[in-house]
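Undergrad: Below is a structure I'd like to ask you about.
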Amino acid sequence: MSILGRIKGEAAWRLAYPVAERLTGRAIRPKLRQLNQDCMLPPCERRRQAAAELADIVAWAGVAVPYYRDLFAKLAFQPENLKRDAAYLNDLPYLTKDILRAEGARLLREGHETSAKHLSRTGGSTGPAADIYYDQAAADWSSAVTRHARASIGKPHKLSELHLASRFPETFPWKDRLKEAAKCFAMNRRNVFVSDFEPASLDQLWRQIRRIRPHLLHGPPSTLYRLARHVDALGKPARAFEIFESSGELMASYQREAIQRVFACRVIDRYGLAEFGIVAYQMHDDDRSLYVYDSFVWPEVSEEGEIVLTGLKNRLMPLIRYRTGDLATLSEDSRGYALSNLAGRVHDLVSIGGKIYPTHFVQDLLQRIGGVAEFQIEAVLPTPILRLVLESDRSADEVHARIAAWWGESMRVEFIEPAALKLTGYRAKFRHVVQA
């Protein structure tokens, strides 16, 4: 790292980050210190403390959250039993995304109207998307987990990071851009924007990465794999970053191997979701298992092999025994609980107007419009069909006009009901791109 880079990194962590915390009313660093202490404990002691937190938040939810209060009464469920044995959690049914959407505000604690809320929207890989709300403490815990995870693989705050973001076809107001610039300085982060996978776009992306030379590069594995193929074909591979951190979708073995070979970098995987944030992380290069932050979530696996999580920190919208829709093996060793053999979260490619786009880019655009619960693209040539499920209060005409302004006649748009989505996988999992 250059001297200027070191100075910038130290300034970000010691000056800009504390100031940003104070101005935004956040308390991430104290939680990071607590998380550092927790992770030093033996797994059995972490599990004991987590079981106590589990019993506490379930009991609290049964009093403060209308949905759980009614559910516990209907089942005659006694939360105090969890203090004796966490196995009593099995007496509760699973929580699903369908329940989230149907119950809405009944899953928020009473008196939430006066509380600060941080909105996160699910990706929609297991059916129409749902809104998730964090309280301030839960949002801070989630940020602390991210900082801890990266430090655990040798990327402290003072070392730079680069985030691959979607390039929107419109200009943000200058105040938003100024706010984002200040945030990036405090985070010691740069953003590079990506839309399609055309050769010219990949050339530009590679030039930017080589110019910035971050310590850690974060983004979808499908994007880095496509870039690796492009750079490899040029015959001029070069090392431009130390670590690639994969997120947002399942990373296949062939993607990992290509990225590692072409860029001569470490490749680190993680598992996170909008409902909780990062919950499991690859801590060791020689072990591809993802170790669970068991002081942050209580992990289970259903009879069908599906990851089931209970959040221990969010008292605005507690999620108890939530079925994620993703499959994995849950095991325990001397370091704690680990996820392996992960399956799910596959992103596709689609041709629009003669250019190749990843579906996560389309998803980001639609989330910017707002009010789109789910989408699916039927790969019909020469003009694919974009089928949208809208929220009940969203205007179809307005959504259609925004999409037409971006893609013109290169994309047909149809509005459908959720039942018309083409399902192709386990528990209503589906691919965003389907064939005619």
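The values are calculated or read from the model by the stated rules, or taken from the named source; none is laboratory data. This structure is a prediction, so every number in the text was calculated from the model and none was measured. Using ideal geometry, Cβ is built from the backbone for each residue, glycine included, and neighbour counts are taken over all protein chains shown. What goes into the accessible areas is simple: the full protein's heavy atoms, side chains included, and nothing from ligands, DNA or RNA. Shrake-Rupley method; radii C 1.70, N 1.55, O 1.52, S 1.80 Å.
Undergrad: From LEU82, LEU100, LEU119, grab the single residue that is assigned to a strand (DSSP E or B) and either open to solvent by less than 20 Å² (accessible area, probe 1.4 Å) or in contact with a strand residue (DSSP E or B) (Cβ under 7 Å, 6 or more places away or on another chain) (or both).
TA: Of the residues listed, the single one that is assigned to a strand (DSSP E or B) and either open to solvent by less than 20 Å² (accessible area, probe 1.4 Å) or in contact with a strand residue (DSSP E or B) (Cβ under 7 Å, 6 or more places away or on another chain) (or both) is LEU119.
Undergrad: For region 20-41, enumerate the residues that are more than 21 Å from LYS313 (Cα to Cα) and open to solvent by less than 70 Å² (accessible area, probe 1.4 Å).
TA: ALA20
Undergrad: Test each condition in (1) farther than 24 Å from TRP206 by Cα; (2) part of a strand (DSSP E or B); (3) at pLDDT 95 or above for TRP141 and report the one that comes out false.
TA: So TRP141 meets the others, but not (2).
Undergrad: So which of GLN260, GLN255, GLN208, GLN204 is open to solvent by 10 Å² or more (accessible area, probe 1.4 Å), of a type outside the set (Phe, Trp, Tyr) and within 13 Å of LEU162 (Cβ to Cβ)?
TA: Step by step, each of GLN260, GLN255, GLN208, GLN204 is checked, and only GLN208 is open to solvent by 10 Å² or more (accessible area, probe 1.4 Å), of a type outside the set (Phe, Trp, Tyr) and within 13 Å of LEU162 (Cβ to Cβ).
Undergrad: Please enumerate the residues belonging to region 56-79 that are buried (at least 19 other Cβ atoms within 10 Å of the Cβ) and more than 22 Å from ILE99 (Cα to Cα).
TA: Once the filter is applied, which keeps residues that are buried (at least 19 other Cβ atoms within 10 Å of the Cβ) and more than 22 Å from ILE99 (Cα to Cα), region 56-79 yields nothing.
Undergrad: Limited to region 144-164, what total is found for residues that are part of a helix (DSSP H, G or I) and either touching a Lys or Arg at 6+ places or on another chain (Cβ under 7 Å) or under 19 Å from PHE241 (Cβ atoms) (or both)?
TA: Matching residues across region 144-164 total 7.
Undergrad: Condition test on TYR357, is it aromatic (Phe, Trp, Tyr) and modelled with pLDDT of 90 or more?
TA: Answer is no for this residue.
Undergrad: Yes or no: ARG229 under 30 Å from LEU15 (Cβ atoms) and either at pLDDT 90 or above or surrounded by 15 or more Cβ atoms within 10 Å (Cβ to Cβ) (or both)?
TA: No; evaluated as a whole, the condition is false for this residue.
Undergrad: Just the residues that are free of Cβ contacts under 8 Å to residues at least 40 places away in the same chain and either among the basic types (Lys, Arg) or open to solvent by 10 Å² or more (accessible area, probe 1.4 Å) (or both), please, taken from region 243-252.
TA: Matches in region 243-252: SER247, MET251, ALA252.
Undergrad: Okay, next question. Could you run through region 263-286 and say how many residues are touching a residue at least 12 places away in the same chain (Cβ under 8 Å), within 30 Å of LYS236 (Cα to Cα) and open to solvent by 30 Å² or more (accessible area, probe 1.4 Å)?
TA: Final tally of qualifying residues: 4.
Undergrad: ALA186 passes all but one of (1) open to solvent by less than 40 Å² (accessible area, probe 1.4 Å); (2) touching a strand residue (DSSP E or B) at 6+ places or on another chain (Cβ under 9 Å); which number fails?
TA: That leaves (2) as the condition not met.
Undergrad: Kindly state which strands (runs of 3 or more DSSP E) lie completely within region 325-367 and contain at least 2 residues that are open to solvent by 20 Å² or more (accessible area, probe 1.4 Å) and under 16 Å from ALA379 (Cβ atoms).
TA: 349-352, 355-358
Undergrad: Moving on. Based on this model, can you work out whether PRO220 counts as farther than 25 Å from LEU366 by Cβ, in contact with a Leu (Cβ under 8 Å, 6 or more places away or on another chain) and touching a residue at least 40 places away in the same chain (Cβ under 8 Å)?
TA: No: the conditions fail for PRO220.
Undergrad: Test LEU119 against the criterion of being modelled with pLDDT under 95 and either of a type outside the set (D, E, K, R) or closer than 30 Å to THR96 by Cβ (or both), and give yes or no.
TA: For LEU119, the condition - modelled with pLDDT under 95 and either of a type outside the set (D, E, K, R) or closer than 30 Å to THR96 by Cβ (or both) - is met.
Undergrad: While we're here: Name the residues in region 85-95 that are closer than 26 Å to ALA274 by Cβ, open to solvent by 30 Å² or more (accessible area, probe 1.4 Å) and in contact with a helix residue (DSSP H, G or I) (Cβ under 9 Å, 6 or more places away or on another chain), would you?
TA: Residue satisfying the conditions is PRO93 alone.
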